[in-house]
Amino acid sequence: MRAWRGGIVPVVLLALAEIGFRLRAGPSDSLAPPSRAIAALLSILGDGSLLFGSAQTLGSLLAGLALGSLAGLGAGIVLASSELLRRLSFLSIEMLRPIPSVALLPLSLLIFGFGYGMEIAVIAFATFWPSLILSHSAVGQIEPRLMEVARLLRLSRWQTAAKIILPAAAPRLMTALRLAAGLALVVAVTAEIVSNPQGLGHDLMIAQETLRPERMFAVLFWVGLIGWGKNAALLRLERWLFAHRGDVDTSIAA
Amino acid sequence: MSLPQAALEFEAVALELGGRAILQDIGFTVARGEFVSLIGASGCGKTTLLRLLAGLIAPSGGKIRLDGRPVTTPSRQVALVFQDYGRALLPWRTATGNVSLALEAMGVPPAERPQRIAALLAKTGLAGHADKYPSQLSGGMQQRLQIARSLAQDPAVLLMDEPFGALDAMTRQALQDEVLRIVAERGATVLFVTHDLDEALYLGDRVIVLDANPGRIARMLEIPLPRPRNQLTTRENSEFLRLRRELFTAMQEMLA
Amino acid sequence: MTLHRLPTSVLGVLGLLALVLLWHLVTAAGLVSKAFLPSPAATVDALVWGFRKGDLIGQLAATTLRMLNGWLLASIGAIALGSLIGISPTARVYLRPTLAFARSLPASAVIPIAISLVGLGGSMVLGVIVFGSVWPTLLATVQGFANVEPRLKDVAQVLRLSRLAYVGKIGLPNAVPDILAGMRLSLTIALILAVIGEMLSGQAGLGSAILLAARAFRAPDLYAGLVLLGLVGFLSSYGLVCAERRATRWRQAATR
C-alpha cells in the first residue's frame with residue numbers, strides 16, 4: 001500500500017485538470033485535458049510516428065553520449081594519474097565547462113548543417129565535462145589501502161589498473177554514466193527544439209505550431225517517461241552489478 | 001613444509017616527516033622464526049616501523065636489513081596484515097578471488113591456483129566460505145581472509161599491525177591461537193604490533209616497548225614462557241603474571 | 001622540472017595560456033576553416049568592437065539580468081514551497097515521486113507549452129526560466145528538511161517551538177548547505193534556459209546574438225558571444241561557491 005502513496009498526487013492532479021477543462025467553455029489552442037492527451041499518445045504510438053521520433057532522438061543521444069563519456073573517461077583517468085596535469089588544466093576546465101551546450105547549437109549548425117551530426121557534436125560536448133570530472137574523482141577516491149596492497153604484492157602497472165583501479169572505480173563510473181545519460185537526453189531534446197528538425201523535440205514544436213495541444217502533452221509525457229525509464233533501468237543495472245560489493249552508495253538516485 | 005626463514009635487522013633507524021622526528025635510533029635484531037610483539041602508546045610509531053620494514057616508506061637515517069640485504073621496496077618475502085581489514089580486501093572479489101590476487105601477483109599459473117587457495121582457506125578456517133564476498137563475512141572472518149592472502153605469498157616474515165584491534169574479545173582469542181598455530185607450522189618470523197599488553201605477552205617470544213614523541217625503544221623483554229601457549233594456563237602462569245606486572249609498570253612510567 | 005613547485009593558481013593560468021596558444025597555432029596553420037574556428041585575435045577584436053559599439057554590453061546585461069531574475073524568483077518560490085513540504089513528513093512521502101518526475105523532465109520541453117500559452121515574448125522566457133530552475137532548489141530544500149537530525153526535532157518539541165520558529169531556527173539553517181548546492185544547479189539551468197529562450201523568441205541577449213552571428217557567418221562574433229557566456233557562467237557559479245563556503249563554515253569546522 002505504501003508504494004501507492006506517491007502515485008496519488010499525480011492522479012488527483014490529472015483528475016482536477018480533466019474536470020477543470022470540461023467545465024471551461026469551448027476548446028483551446030494551447031491546452032488539452034488529460035483524456036485527449038492520452039488518446040493522442042495512443043494514436044501517435046500506434047501510427048509509429050512517436051517511435052520514429054524516439055529512435056532519432058535516442059540515436060543521437062547514444063552516439064553523442066558514447067563519444068562524450070568515453071573521451072571524458074579517458075581524460076579523467078589521465079588527469080587522475082598526474083598531479084601536474086591536473087593543476088595545469090583545472091582553470092581551463094573551469095572556464096570551458098560553464099559554456100552552455102545550447103549556445104553551441106548555432107555553431108554546430110554552421111559546421112554540420114541539420115541532421116545527426118550537429119546534435120551528436122553538442123551532446124558529446126555537454127556530456128564530456130561531467131564524465132571528466134566524475135571519472136577523475138572516481139579514480140582519485142579509490143581506497144588508498146587497496147593501492148598499498150597493490151604495492152605490497154608488487155603488482156605491475158597494468159595489473160594494478162586492471163585488478164584494482166578499474167573494479168574499484170566501476171560503481172562510481174557507472175553512476176557518472178547514468179548522470180551523463182540523463183544530461184544527454186535533455187541536450188538532445190533541447191537541440192531538437194531549438195534548431196534540429198528531427199526527433200522528439202521537433203515533434204513537440206510541430207505540435208505546438210500546428211495548434212495540437214493534446215499531441216504536445218502526449219509527446220511531453222513520453223519524453224518524461226523515457227527519461228524516468230532510462231534512469232530507473234540504469235539504476236537497476238547499477239544495483240545488480242554492484243550490490244554484492246557492500247562498498248557502493250546506491251543512494252544517489254538523481 | 002618449512003619455508004625460507006629470514007633474520008631482520010634495524011640499525012640506528014630514524015624517520016623524519018615534515019620536520020618532526022617520528023622514529024629515533026631504532027636498533028634491534030630479530031632471529032629466524034622469532035615472534036616479536038611491539039607495544040607502545042598511540043603515536044609511538046609502531047605502525048610506521050612495520051611500514052618501513054614492508055618497504056612502503058624509506059627511513060631518513062639508518063639501515064634496515066632483511067636476511068642481510070637492505071630493504072628498499074616491498075618484497076614478496078614480507079607480508080603485511082592491516083588492522084582495517086575491510087579496506088584492505090577487494091570488495092568485488094569473493095574470498096577465493098581475494099586470495100587469488102596474491103597468487104596472480106606472483107605469477108602462479110592458473111592451473112595451480114585453486115588447490116593452493118583451497119588449502120590456505122582451510123588453514124585459516126574459511127573452508128566453507130570460499131564463494132562469499134567480504135561484505136558477507138564477519139569481521140573475524142574478514143581478518144582471517146586477509147591473513148590467508150598474506151600467507152599466499154609464502155612470506156618469510158609476517159608483519160601484523162594491530163590485526164585484532166577491531167574484533168571482539170572471543171574472536172580475538174580464537175585468532176590469536178590460530179596465528180600461533182600457523183606461524184609455528186611455517187616457522188615464519190613475526191613482528192606483531194598491538195596496544196594490548198596481555199596479547200603482546202601471550203603471543204611473543206620477546207616484547208619490545210616503544211616510547212612516543214619521538215618513537216624510540218624503551219624496553220625489551222624476553223618471554224621465556226613454554227610453547228604451545230594456552231589461553232587458560234599460560235595466562236595463569238606465575239611467570240606470565242610477573243612479566244605482566246613488569247610490563248605494566250614500565251608502560252605506566254612512560255605515560256607519566 | 002620546477003613546474004611542480006609553482007602554486008596551483010599560477011599553473012592554472014599557464015595551462016590556460018597554453019590552450020590559447022594552441023588555439024592560435026591551429027588557426028595560424030589553417031588546420032580548421034576560419035569560418036568555423038576564428039583566431040583568438042579575431043575573437044578579441046570582435047569582443048572589443050562589440051563593447052565599443054555598445055551592442056555587446058546591452059546583450060550581456062540582458063542575458064545576465066534575465067538569468068538572475070528568473071533564478072531569484074525561482075529560488076524564493078522554491079525555498080518557500082520546499083519549507084512547506086519539508087516540515088511535513090507526510091507531504092514529503094506523497095510528493096516525492098511527483099517532484100522527482102517533474103525534475104527529470106527536460107526543462108526545455110515545456111517551452112512549446114509556454115509558447116502556446118503566453119506567446120513568444122519576454123514573459124514566456126522568464127516563465128520558462130522560473131519553471132525550469134525551481135526544481136533543483138525545491139528538491140534540495142525538501143531534502144535539507146528531511147535530514148534534520150531527529151534529536152533536534154525532539155529539542156524543538158521540548159522547547160515548544162511554533163511551526164514558523166522551527167522553520168526559521170532549525171529547518172532552514174540545517175538545509176542551507178543543500179539549498180545552496182541546489183541553487184548553484186538552478187543557476188546553471190537558468191542560464192541555459194535564458195539562452196534558449198532568447199534563441200527561440202528573438203529577445204535581445206547573448207543567445208540571439210550568437211544565433212544571428214551564426215546565420216550571418218560571422219564566426220568571430222559568435223565566439224565572442226561564447227566567451228562572454230562562459231564568463232557569465234563561470235563568475236556566477238564562482239560567486240555562489242564562495243557564498244556556499246561562507247555559509248557552511250560550521251560544517252567544515254566540524255569535519256576537521
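Read the figures in this text as sums done on the coordinates, not as results from a lab. Here the structure is a predicted model, which is why all the values come from computation and not from measurement. Neighbour counts run over all protein chains shown; Cβ positions are idealised from the backbone, glycine included.
Rounded to the nearest 500, the 222 nm mean residue ellipticity of the protein assembly as shown from helices alone is -21500 deg cm²/dmol, with -39,500 (n - 2.57) taken per DSSP H run of at least 4 residues.
Pairwise Cα distances in chain A exceed 28 Å in 48 percent of cases.
Rounded, prolate or oblate: which fits region B:73-139, taking a ≥ b ≥ c as square roots of the Cα gyration tensor eigenvalues, rounded meaning a/c under 1.5, else prolate when a/b beats b/c? Since a/c reaches 1.5 but b/c is at least a/b, the shape of region B:73-139 is classed as oblate.
Expressed in units of 2.2 N^0.38 Å, where N is the residue count, the Cα radius of gyration of chain B is 1.00. Which of rounded, prolate, oblate describes region C:105-256, given a ≥ b ≥ c as roots of the alpha-carbon gyration tensor eigenvalues and a/c under 1.5 marking rounded, otherwise prolate only if a/b is larger than b/c? In terms of gyration-tensor shape, oblate.
Residue by residue along A:137-145, Cβ atoms of other protein chains within 10 Å of the local Cβ number 2 on average. Over 14 Å, how big is the tail of the calculated P(r) for region A:14-53, in percent of all Cα pairs? That tail contains 53 percent of the Cα-Cα pairs. Across peptide C:35-45, the average count of Cβ atoms from other chains found within 10 Å of a residue's Cβ is 1.
Note on region B:1-104: percent of Cα-Cα distances in each 10 Å bin, starting at 0 and stopping at the bin with the largest distance, equals 13, 40, 32, 15, 1.
Which whole number gives the average, over all residues in B:91-98, of C-beta atoms from other chains lying within 10 Å of the residue C-beta?
4
Semi-axes of the equivalent ellipsoid of the protein assembly as shown are 61, 31, 26 Å, computed as sqrt(5λ) over the eigenvalues of the C-alpha gyration tensor in descending order. For chain C, the calculated P(r) over all alpha carbon pairs, in 10 Å bins from 0 to the bin holding the longest distance, is 7, 23, 26, 22, 15, 6, 1, 0 percent.
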